[in-house]
Amino acid sequence: FFFFFCFFLPPTSAVLFGTGETLHISLTAPTTCCPRQGTAACHPCHSAGPTEYRGVLGTLSTMVRTEGPRSLYSGLVAGLQRQMSFASIRIGLYDSVKQLYTPKGAESTGLAARLLAGVTTGAVAVACAQPTDVVKVRFQANGAMPESGRRYSGTVDAYRTIAREEGVRGLWRGTLPNITRNAIVNCGELVTYDLIKDALLRAQLMTDNVPCHFVAAFGAGFCATVVASPVDVVKTRYMNAGPGQYRNALSCLLALLMQDGIAGFYKGFVPSFLRLGSWNVVMFISYEQLQRAVTLAQS
């Protein structure tokens with residue numbers, strides 16, 4: 001994967017996409033806290049009972065009130081590490097891999113080649129950057145614990161502790177499910193953005209500028225949320241299930257379908273869309289503007 005990455009990924013694309021994702025995660029980090037909504041959690045400063053999280057705004061206001069404004073940016077450093085490595089690969093590779101899958105002599109890139117490129121780059125990115133995702137999840141959970149019970153003093157310490165206690169393989173825990181999820185999301189984001197932008201330009205509805213990038217990114221965020229929500233709901237339900245409650249992820253999916261119907265797969269759709277929608281708008285607009293600035297500087 002490393003040599004594949006080095007061979008295909010243009011350095012400029014890596015820097016631009018990494019920078020775009022850094023701008024995004026810095027601006028929209030509070031929306032990643034919204035998965036707490038609908039849950040109860042104990043906070044060290046409030047031993048009288050669990051803290052209730054209700055709704056998107058209720059979750060944000062409760063966290064600020066009980067844990068302080070800094071809690072909205074819990075795990076920001078780990079998140080930046082993940083996005084710089086993950087986005088540089090999954091998005092920076094996309095155009096190169098898309099051309100690789102496009103038959104020679106073809107006038108345009110077909111949908112199949114775009115989908116294959118999205119799946120490939122999403123899988124490669126997870127395989128390379130999975131340790132940063134593991135540390136991000138662990139470090140955010142670590143921050144919600146009482147100070148006496150925290151296992152990690154920082155992100156570097158988290159890498160060391162996980163590798164020491166669980167072996168190097170512990171840093172790649174959950175890789176296969178994450179590959180599935182991110183391959184789907186990558187197609188929902190990149191392929192949709194690509195298609196919407198091309199359609200707007202071909203139909204001459206918009207020119208290649210910020211409004212066009214905003215519309216395409218907004219549509220990509222919505223499509224990514226639609227395809228990713230069922231995967232995220234099943235993953236969360238399965239990971240939080242008690243021992244023996246589900247045989248595997250498939251049995252969890254079937255149980256959720258029987259219990260709540262199709263609507264059960266879209267619980268928490270609004271906060272998910274707030275996160276992925278803002279994610280795509282900030283990242284793609286930042287990338288397009290940075291790419292334009294680099295092109296002007298080179299010329």
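Compared with the direct C-alpha span, the chain from residue 260 to residue 297 gains 7.9 nm at full extension, assuming 0.36 nm per residue. Estimated from the Cβ-Cβ distance and a Förster radius of 41 angstrom, the FRET efficiency linking residue 166 and residue 214 is about 0.45. Most tightly packed first, judged by the mean number of other beta-carbon atoms within 10 Å of their residues, the peptides 221-227, 201-207, 261-267, 115-121 read 115-121, 221-227, 261-267, 201-207.
For residue 136, a cut-off of 28 angstrom between C-alpha atoms picks up these lysines, skipping any fewer than 8 places away in its own chain: 235, 267. Debye-formula intensities of the range 143-274, expressed as log10 I(q)/I(0) at q = 0.12, 0.22 Å⁻¹, are -0.72, -1.19 (one equal scatterer per alpha-carbon, no solvent). Here, P(r) means the percent of Cα pairs in each 10 Å bin from 0 to the largest distance; for the range 159-220 it is 21, 28, 18, 17, 13, 3. Hey, how many Å between the Cα centroid of the range 158-176 and the Cα centroid of the range 85-127? Here the answer is 29 Å between Cα centres.
Projecting each Cα onto the charge dipole of the range 230-299 (Lys/Arg +1, Asp/Glu -1 at the beta carbon, about the Cα centre), which of 276, 231, 291 comes out farthest on the positive side? About the Cα centre, the residue reaching furthest to the positive side is 231.
Measuring only protein heavy atoms, the 1.4 Å probe finds residue 238 accessible over about 90 Å².
In straight-distance terms, cross-link reach from residue 98 covers every one of the lysines whose alpha-carbon lies under 17 Å from its own, apart from those fewer than eight places away in the same chain; here that gives 197.
Here the label points at residue 270 and residue 156, each 7 Å from Cα along the C-beta direction, are separated by 4.3 nm in the simple model. Counting only protein heavy atoms, what percent of the accessible surface of the range 150-299 is carbon or sulfur at a 1.4 Å probe? Carbon and sulfur: 64 percent of the exposed surface of the range 150-299. Placing pseudo-labels 7 Å out from each Cα toward the beta carbon at residue 111 and residue 248 gives an inter-label distance of 3.0 nm. Projected label points at residue 137 and residue 173, each 7 Å from Cα along the beta carbon direction, are separated by 0.9 nanometres.
The values are calculated or read from the model by the stated rules, or taken from the named source; none is laboratory data. Keep in mind it's a predicted model, so treat the numbers as computed, not measured. Note that each Cβ is placed from the backbone with ideal geometry, even for glycine, and that neighbours are counted across all protein chains shown. In case anyone asks, the SASA skips ligands and DNA or RNA and just uses the protein heavy atoms, side chains included. Shrake-Rupley method; radii C 1.70, N 1.55, O 1.52, S 1.80 Å.
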